[in-house]
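Notes follow once the structure below has been shown.
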Amino acid sequence: MVRDTTIGSRAFDILIIVILIAVTITCVLPLWYTLAMSLSTKSAAAAGQVSLWPVGFNLNSYKQLLQDNQFFVSFWTSVKRVLLGAGLNLLIVPLMAYPLSKTIKDFRLRNVLMWVLIFTMLFNGGLIPLYLTVKQLHLFNSIWSLVLVGGAQTLVFNVILAMNFFRNLPRELDEAALVDGAGPWYILLKVYVPLAAPVLATVSLFSIVYHWNEFLYGLVFMTRQEFYPLQTYIQQVVVMLDPSTMSQDQLQRMSQLSNRTLNAAKIFIAMIPVLVVYPFLQRFFIHGITLGSVKE
């Protein structure tokens, strides 16, 4: 009986490994296909000949994206946006989540503020009122229009996630700290924040991915191309090309490109920063999501 149980356990382990390998391949194949497409020739891409390996290997798509300074300017704009957006998110989320995690007895306005936050998450005035608000604040062509507008829209979800994480921490921590004479700020900074590393890493990852991938507000709030973030620039690079201002080499290179190869290059370049950051935060990700999603 023991032997049969051991064999069954090994078979189950093998089955799990096979499933995980299949899931991994399913996740990796689209990335690999995108890379192969971006390295293929225009004719091969148009004919649908590209599968898992580049056909007519070339770097024309990447040369087109990297040939002018605007790419690097937009890249730096996106980096600043991510740093500012994730930094403000990391600062504001615990400051809001900590008092909202208290009971009504400890914080009487808790339910009122929660309803206000949830209302803003479910309903909004739309793009036109947002456009007029940003215009009245004189934030056009400013990095802060991207940071504040995008950050405000993702803030409530992150606060709710962190709030539920704080609510699952033992109440004895508060009681012990209060007995020792600690105030609210000391409890937050010395007790709650160190224990909240998983959920703070999780909401930071959400913020980083959002600010890096979002491109619409760059189109709406930026009136000049030099202020575009990377995703907006990549989205517009083909549309904004003016053949009358291009050199002979540039025209020749463009004749060798198609929308499929160039778009594949855009997608692959845009994925690289997130793929680099994610492994460092992944060990906190599932733990933070699991504990932060439990509601009392």
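The values are calculated or read from the model by the stated rules, or taken from the named source; none is laboratory data. Note that the coordinates shown come from a computational prediction; the quantities given were computed from them, not determined experimentally. Cβ coordinates were reconstructed from backbone atoms using ideal geometry, including for glycine residues, and neighbour counts include every protein chain displayed.
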Taking first residues from the stretch 90-108 that are assigned by TED's automatic domain parsing to the domain that holds residue 194 and touching a residue at least 24 places away in the same chain (Cβ under 8 Å) and second residues anywhere that are charged (D, E, K, R) and surrounded by 18 or more Cβ atoms within 10 Å (Cβ to Cβ), the pairs with Cβ under 8 Å that are 6 or more apart or on different chains are 101/167
Log entry, pairs with first residue in the stretch 146-160 being in the same structural domain as residue 131 (by TED's automatic domain parsing) and closer than 13 Å to residue 133 by Cβ, second being of a type outside the set (Val, Ile, Thr) and part of a helix (DSSP H, G or I), beta carbons closer than 6 Å, six or more apart or on different chains, reads 149/217
Residues that are crowded, with 19+ Cβ neighbours inside 10 Å, within 26 Å of residue 234 (Cα to Cα) and in the same structural domain as residue 275 (by TED's automatic domain parsing): does the stretch 125-138 have at least one?
yes
Only one of 219, 200, 148 is under 30 Å from residue 275 (Cα atoms) and surrounded by fewer than 17 Cβ atoms within 10 Å (Cβ to Cβ), namely 219
Of the candidates 34, 26, the one satisfying the condition of being out of contact with any strand residue (DSSP E or B) (no Cβ under 8 Å at 6 or more places or on another chain), outside the structural domain of residue 161 (by TED's automatic domain parsing) and either loosely packed, with under 15 Cβ neighbours inside 10 Å or on the phi > 0 side of the Ramachandran plot (or both) is 26
Within the stretch 231-281, the residues that are modelled with pLDDT under 70 and charged (D, E, K, R) are 242, 249, 253
